[in-house]
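Working notes, beginning with the structure itself.
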2 protein chains.
Amino acid sequence: MKAIIKSAATIIALVASINLSAQESLWNQAELQSPIVNEDNTVSFQIFAPKAQEVLLIGTWMPREDWAPEPVSLQRDSNGVWSHTTKALASDLYTYHYMVDGLRLCDPLNPYVVRDVSSVFNYLIVPGGQGDLYAVQDVPHGSLSYRWYSSPGTQQERRLTIYTPAGYETSTQSYPVLYLLHGMGGDETAWTTLGRTVEIMDILIARGEAKPMIVVMPNGNMSQQAAPGSAPGVLSAPGMDLPLTMEGTMETTFPEIIEFVEQNYRVNAEKGQRAIAGLSMGGFHSLHISRLHPHTFDYIGLFSPAIYPLAGSIPEIYMNLDDSLSAQKNNGYSLYWIAIGKNDFLFDQVARYRANLSSLGLPFTYIETEGGHTWDLWRNYLSQFVTLLF
Amino acid sequence: MKAIIKSAATIIALVASINLSAQESLWNQAELQSPIVNEDNTVSFQIFAPKAQEVLLIGTWMPREDWAPEPVSLQRDSNGVWSHTTKALASDLYTYHYMVDGLRLCDPLNPYVVRDVSSVFNYLIVPGGQGDLYAVQDVPHGSLSYRWYSSPGTQQERRLTIYTPAGYETSTQSYPVLYLLHGMGGDETAWTTLGRTVEIMDILIARGEAKPMIVVMPNGNMSQQAAPGSAPGVLSAPGMDLPLTMEGTMETTFPEIIEFVEQNYRVNAEKGQRAIAGLSMGGFHSLHISRLHPHTFDYIGLFSPAIYPLAGSIPEIYMNLDDSLSAQKNNGYSLYWIAIGKNDFLFDQVARYRANLSSLGLPFTYIETEGGHTWDLWRNYLSQFVTLLF
């Protein structure tokens with residue numbers, strides 16, 4: 001028989017043409033590459049926008065005033081290619097996007113994107129340090145699963161994400177469990193996408209710096225069955241203003257999640273082998289779940305946590321914290337770990353809470369870092385926290 | 001204790017501001033929504049691009065000349081908002097993007113995106129028919145896992161995606177297995193992202209139209225350990241021109257995948273309970289794997305398949321097809337299912353192959369549809385094929 005596809009190049013050209021509306025674009029796109037992480041840890045960006053008047057780049061490596069980094073204006077060359085090279089960046093994972101004449105867009109040359117609440121960002125990794133923990137490395141890999149469980153307390157089928165470490169399936173060992181909770185606007189996918197939990201765990205376990213453990217990432221939005229796009233219903237823009245936020249349902253129904261995990265996975269179902277941690281609202285949840293179920297967790301991690309409920313009518317469950325915290329103290333725990341950035345809008349809340357813990361005699365570890373209320377800190381906090389567990 | 005976060009709105013406004021570089025954008029974005037699937041199955045698009053000279057929309061519902069749909073030009077209003085409403089669309093999943101003054105971008109108001117090879121597209125679903133199979137419905141949900149297996153034949157650790165049907169974890173039953181293969185430019189994530197396999201399987205199993213089965217989606221790019229971004233190495237633009245493409249390694253090492261699945265899952269390890277199917281290059285793989293391992297599969301699905309290897313030095317393994325096809329015939333099978341669009345560039349190859357099968361006396365089912373070489377057909381073919389299995 002005779003081969004009748006003349007060459008792979010034919011197919012490639014045909015398929016590539018789907019994405020292009022002009023030969024001009026084809027030529028230019030083929031020449032360009034973006035981003036390029038250079039050997040000296042500078043990063044170069046290029047974008048073909050011949051008719052644009054202004055191309056701005058906004059990235060998480062930029063100094064930020066409050067929340068929003070100050071954009072950098074790209075330089076145009078005579079072919080309509082705009083470019084910029086950063087100064088040398090610290091090794092880390094960075095997200096970025098463009099604003100072209102007021103229009104928000106991702107880098108058309110970079111298919112690596114991640115959703116944060118309702119916006120999509122590109123990401124890149126600068127290697128050689130902390131960033132190496134967020135890249136896939138040549139180490140034994142754990143498994144990642146999306147599972148559904150029944151929640152009688154919310155009368156929902158709900159989805160969660162579970163990481164099991166390399167070797168789990170072929171071992172007979174039972175494992176400790178970290179319950180890892182997202183913040184407002186996040187969901188059960190946040191810690192594995194923005195949070196790089198799989199990469200961090202694979203690497204730290206391979207290095208022997210973290211114990212092999214199961215990581216359970218539930219959805220803490222109690223009005224949601226699953227992440228936007230993964231739950232029944234019309235595809236609509238994800239929001240942050242969800243019903244049943246920080247009103248007690250997450251805390252009271254959390255035993256459903258533990259029960260599901262302990263019935264479905266080979267875990268050590270004991271306090272000394274359970275940890276709970278979360279960022280922002282997930283830190284809030286970790287704080288309150290651990291004090292309301294004081295026989296359950298030996299390790300508590302609060303990353304840039306909210307402490308107090310939203311204003312308005314405060315649910316009973318958030319009153320009289322001191323009694324339940326004292327009970328938690330008396331039951332004992334191995335680690336109460338709090339980390340926050342100096343510029344975080346929750347800094348003062350956390351300071352008050354630390355004073356409260358001290359006055360009650362609850363020991364805790366406190367880490368204060370540079371920075372605000374952003375994912376670079378939460379990835380970093382996770383990579384520190386998991387080395388302290390079990 | 002007193003609540004010190006004044007309102008949820010404060011947090012929301014703070015966090016939302018990360019994504020915006022101007023108050024003007026905030027105001028406009030808040031007013032706009034895109035896309036809107038209207039009750040009459042028309043779809044409305046809006047984009048705020050006050051300085052743009054031309055805004056083009058390219059979507060898979062548009063008639064296409066060869067590969068690329070003819071773009072639609074949006075209309076600008078006096079506020080700089082460009083808009084377009086389609087005619088009523090057939091129920092389906094559609095992908096789209098914009099070209100603004102020659103610049104390719106996704107809809108900034110639609111966070112639902114999917115990568116196809118090296119480009120990111122938005123998607124939307126028009127309900128009321130076939131599209132309902134691609135949306136998450138309120139039915140029992142299976143689990144989705146990313147697993148790594150050792151491949152001695154490629155000397156790699158490699159990743160695959162596995163769907164297990166609702167009830168798998170609590171049942172003691174053994175299940176049949178569909179091995180489902182992607183095309184060139186795809187990877188082990190293609191069938192669950194672009195292909196909507198989880199949604200299709202959950203729904204058809206819930207309806208009783210497909211038997212509960214495990215679906216295994218390996219990576220058919222033999223030079224790749226895993227999808228771009230999920231394998232060790234620098235993040236670089238995914239390509240289609242990969243080494244070890246359609247040169248025999250996938251076919252000869254495929255038993256490694258079957259062995260991994262049968263050692264790790266509760267499956268019926270027999271020919272009558274195994275199916276293999278794939279699109280384009282995955283159809284090619286399914287054809288050749290099933291004839292080279294003729295005691296293995298009772299169900300074969302070729303979706304818009306490539307038939308013959310790429311030109312050049314043809315590997316031994318692709319010669320003398322007739323002998324192995326005759327052996328496959330003599331071993332017997334339950335279903336040999338071929339589907340292709342009338343405008344597919346592989347149509348003539350498939351016609352020759354059908355003639356060849358007929359001359360050898362191999363029975364097959366042939367489905368000829370409208371359309372070319374695109375995902376709308378492959379999702380549809382999958383939804384038909386799985387109802388015929390086991």
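Computed from the coordinates by the stated procedures, all read-outs in this text should not be read as laboratory data. As the structure is a computational prediction, the values presented were derived from the model and not from experiment. When we count neighbours, we look across all protein chains shown, and the Cβ atoms used for this are built from the backbone with ideal geometry, even at glycine.
Remarks
- Filtered chymotrypsin sites (Phe, Trp or Tyr not before Pro), region A:212-300: DSSP coil and at most 12 other beta carbons within 10 Å: none
- DSSP beta bridges in chain B [antiparallel fraction, %, rounded to 5]: 65 percent
- Net charge, residue B:249 excluded, C-beta distance under 14 Å - Lys, Arg +1, Asp, Glu -1: -3
- Farthest positive-ward along chain B dipole, Cα basis, beta-carbon charges - from B:219, B:311, B:267: B:267
- Of interest is the spacing of the C-alpha centroids, which for region A:339-388 and region A:78-145 amounts to 26 Å.
- Rounded tilt (10° steps) of A:347-360 against the dominant C-alpha axis of chain A: 20 degrees
- Taking other residues whose beta carbon is less than 15 angstrom from the beta carbon of residue B:185, and scoring Lys, Arg as +1 and Asp, Glu as -1, yields -3.
- Rounded tilt (10° steps) of A:197-206 against the dominant C-alpha axis of chain A: 80 degrees
- Overall, chain B carries a charge dipole of about 620 debye about its Cα centre when +1 sits on the Cβ of Lys and Arg and -1 on the Cβ of Asp and Glu, all other atoms neutral.
- Distant-in-sequence amide H partners of residue A:337 (H built 1.01 Å from N, under 5 Å): A:300, A:301, A:302, A:365
- Region B:233-302 and region B:183-231: distance between their alpha carbon centers, rounded to Å: 12 Å
- Here the protein assembly as shown carries DSSP beta bridges of which approximately 65% are antiparallel, counting only pairs with both residues inside.
- The other copies place their residue B:315 label points at 5.8 nm from this one, listed shortest first, where each point is 7 Å from Cα along Cα→Cβ.
- Taking Cα atoms only, the orientation of helix A:281-292 departs from the longest principal axis of chain A by about 20 degrees.
- A Cβ-based charge dipole, computed about the Cα centre of the protein assembly as shown with Lys and Arg at +1 and Asp and Glu at -1, lands at about 780 debye.
- Amide H contacts of residue B:183: B:279, B:282, each under 5 Å away and 5 or more positions distant or on a separate chain (H built 1.01 Å from N in the peptide plane; Pro and chain starts excluded).
- Teacher prompt: residue B:262 distances to equivalent labels in other copies, 7 Å Cα→Cβ, nm: 3.8
- If you take all other residues with their beta carbon under 14 Å from the beta carbon of residue B:149, and give Lys and Arg +1 and Asp and Glu -1, the sum is -3.
- 7 Å along Cα→Cβ, label-point gaps from residue A:68 to other copies, nm, shortest first: 3.5
- Only helical runs count toward this figure. For chain B, summing -39,500 (n - 2.57) over DSSP H runs of n ≥ 4 and dividing by all residues gives -7500 deg cm²/dmol at 222 nm.
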